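Below you'll find the structure, written out as structure tokens, and then a few comments.
The values are calculated or read from the model by the stated rules, or taken from the named source; none is laboratory data. Because the structure is a prediction, the values reported are computed rather than measured. With ideal geometry, Cβ positions are generated from the backbone for all residues, glycine too; neighbour counts draw on all protein chains shown.
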Amino acid sequence: MSLAKLQNGSDVRGVALEGIVGEEVNLTPEIAKKISGAFYIWLKKKTGKNKLKVAVGMDSRLSGPAILKGVTEGIYLLGGKVYDCKMASTPAMFMATKDDVVDGDGGIMITASHLPFNRNGLKFFTKEGGADKKDITEILELAENLTFDDKETGEIVEFDFISRYAQGLVDLIREKTGMQKPFQGNKIVLDAGNGAGGFFAEKVLQPLGADTQGSVFLEPDGNFPNHEPNPENQKAMDAIQNAVITSGADLGIIFDTDVDRAAVVDGSGRSINRNALVALMSAIVLEDDPGTTIVTDSITSKGLTDFIESLGGKHHRFQRGYKNVINESIRLNNEGTDSHLAMETSGHCAFKENYFLDDGAYLVTKVLIKFAKLKEQGKTLVDLISDLKEPLEDLEFRLKIKEEDFKAYGNSVLDEFRSYVETVEGWTLVEPNYEGVRVNCSKEEGWVLIRLSLHDPVMAVNVESDIEGGCNVIKAKMEEFLKRFSKLTM
């Protein structure tokens, strides 16, 4: 098998365990060893240094320990020093490159985010940030023919980095609130989804005075027996909302498996997720950086645009994919446009002040700081986003593309759709638009976006409307158009 097949955008993803019919294991400890060794060689070329230090961590997946052993061996056998951080989070593995003790030249996180239990993968970091798609391509090309002669060996050191990372968050909250225990008297519950985020309750919330009784699924369990560890999953959001209501908590927090995404729930059990979470973070950022540009993915609502603009900010919709959103914000800054926040509706969130690191725990830290300050004023987080207009209806449906060259086929659908829009009364193209085709639908008081998936043979359609039944009307018009294409199936 070509290792190139393991590339998934800016990550490596593969099947690490048997267990799902039709899926063969293609990410073994031996393959992970070759890929980590290739990363070490690639990093040496990039830095010009001969001896490097690399931090390695994993989430709670069942295959994690075996893959971690392969990864550490790949670096050790090439003379590198490995900080074996055991259970950790994805953002922590980047912060190990900024830590004054570890001072890593690079970091590797073993995770497949919210994918099924039998999957695993690798995320790579340098001191500049996460590896890009082209970097992963180069690393996998190097790994194809890599061999180890065992002549030069390095060092493996076990290191509890997640505790240092957590203490940094505690120190930041104390600094910004001016209080040692800003959450004394508050109950804050956490749902870690049996992933790697359980540390946040014991190592961050409790030292700050929070009562965390009522938290759920904190224990790491790679079977993920309770729900998918994913803030976009309705069962997961139902679980944290129920935990808040049942325990009488003032705030709920939920992480994905490797803690690079998050969402929150207020004391009434209302979820602050997707557009509402982007709005909340925008409101927080715009208080400190008035007029800044907020970069989001393509499926954010018109109501969010109006909300950001009402606060004096600018909304720049871009492409789906957290790296796309982050890189666009970095590009804008480099070209002289101030942009302090890059965020996807999926819960990926990166701040200019935090190295544009995709970090769910830092997102929650920003929320907690604002929560403490609002409490002093007798206000809540919901008060910050009370002016956000949510759509009356929304829906998403997906169509599979039964064509080998699915990207070409998908783009031909988009081209024809642009012409189709001109024939529909009240429909107008939205420009500029950076992904797919977005259309304002005036009669239905809504919009529709059709786009091609970044990696899969899928076309996704998102619809919103502010009138009852509006989404179904838009969907019917979309289906009338889409039935022209025999290679598209629901």
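Summary table below
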quantity: Residue in region 11-22 that is of a type in the set (Lys, Arg), under 22 Å from the mean Cα position of the chain (by Cα) and assigned by TED's automatic domain parsing to the domain that holds MET93 present; calculated: yes
quantity: Residue that is more than 16 Å from ALA131 (Cβ to Cβ), touching a residue at least 12 places away in the same chain (Cβ under 8 Å) and touching an Asp or Glu at 6+ places or on another chain (Cβ under 7 Å), where the choices are LEU62, LEU77, LEU27; calculated: LEU77
quantity: Selection count where residues are more than 30 Å from the chain's Cα centre (by Cα) and in a loop (DSSP other than H, G, I, E, B), scope region 475-490; calculated: 5
quantity: Test: residue in region 117-125 that is without any contact (Cβ under 8 Å) to a residue 60 or more places away in the chain, among the aromatic types (Phe, Trp, Tyr) and assigned by TED's automatic domain parsing to the domain that holds ASN26; calculated: yes
quantity: Single residue of SER60, SER89, SER113 found to be on the phi > 0 side of the Ramachandran plot, hydroxyl-bearing (Ser, Thr, Tyr), out of contact with any Leu (no Cβ under 8 Å at 6 or more places or on another chain) and not assigned by TED's automatic domain parsing to the domain that holds ILE326; calculated: SER113
quantity: Filter pass, LEU190 being over 20 Å from the mean Cα position of the chain (by Cα) and either without any contact (Cβ under 8 Å) to a residue 12 or more places away in the chain or not assigned by TED's automatic domain parsing to the domain that holds LEU62 (or both); calculated: no
quantity: Odd one out for LYS314 among (1) in contact with a strand residue (DSSP E or B) (Cβ under 9 Å, 6 or more places away or on another chain); (2) over 19 Å from SER339 (Cα atoms); calculated: (2)
quantity: Test set (1) in contact with a helix residue (DSSP H, G or I) (Cβ under 7 Å, 6 or more places away or on another chain); (2) in contact (Cβ under 8 Å) with a residue 60 or more places away in the chain - VAL285 fails condition number; calculated: (1)
quantity: Condition broken by VAL325, with the remaining ones in (1) buried (at least 24 other Cβ atoms within 10 Å of the Cβ); (2) at positive phi; (3) not basic (Lys, Arg) satisfied; calculated: (2)
quantity: Top-ranked residue in region 241-282 [being closer than 26 Å to ASP221 by Cα and among the hydroxyl-bearing types (Ser, Thr, Tyr); ranked as surrounded by the most Cβ atoms within 10 Å (Cβ to Cβ)]; calculated: THR257
quantity: Of the criteria (1) surrounded by 13 or more Cβ atoms within 10 Å (Cβ to Cβ); (2) over 30 Å from VAL12 (Cβ atoms); (3) at pLDDT below 95, which one PHE417 fails; calculated: (3)
quantity: From GLY106, GLY130, residue being under 18 Å from the mean Cα position of the chain (by Cα) and in the same structural domain as ILE35 (by TED's automatic domain parsing); calculated: GLY130
quantity: Selection within region 347-384 - of a type in the set (Gly, Ala, Ser), out of contact with any Gly (no Cβ under 8 Å at 6 or more places or on another chain) and surrounded by 22 or more Cβ atoms within 10 Å (Cβ to Cβ); calculated: ALA350
quantity: Candidates GLN213, GLN241, filtered to the one that is of a type outside the set (A, V, I, L, M) and outside any loop (DSSP other than H, G, I, E, B); calculated: GLN241
quantity: Pick from region 156-181, criterion assigned to a loop (DSSP other than H, G, I, E, B) and within 28 Å of the chain's Cα centre (by Cα), ranking: farthest from LYS235 (Cα to Cα); calculated: PHE159
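Listed here are the residues, each with its yes/no results for (1) in contact with a strand residue (DSSP E or B) (Cβ under 9 Å, 6 or more places away or on another chain); (2) β-branched (Val, Ile, Thr).
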{"position": "PHE217", "(1), (2)": "yes, no"}
{"position": "PRO229", "(1), (2)": "yes, no"}
{"position": "ASN242", "(1), (2)": "yes, no"}
{"position": "SER247", "(1), (2)": "yes, no"}
{"position": "VAL259", "(1), (2)": "no, yes"}
{"position": "ARG274", "(1), (2)": "yes, no"}
{"position": "THR293", "(1), (2)": "yes, yes"}
{"position": "PHE318", "(1), (2)": "yes, no"}
{"position": "VAL325", "(1), (2)": "yes, yes"}
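For (1) hydrophobic (A, V, I, L, M, F, W, C); (2) on the phi < 0 side of the Ramachandran plot; (3) at pLDDT 95 or above, each residue gets a yes or a no:
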{"site": "LYS400", "(1), (2), (3)": "no, yes, yes"}
{"site": "SER412", "(1), (2), (3)": "no, yes, yes"}
{"site": "THR428", "(1), (2), (3)": "no, yes, yes"}
{"site": "PRO432", "(1), (2), (3)": "no, yes, no"}
{"site": "LEU454", "(1), (2), (3)": "yes, yes, no"}
{"site": "VAL458", "(1), (2), (3)": "yes, yes, yes"}
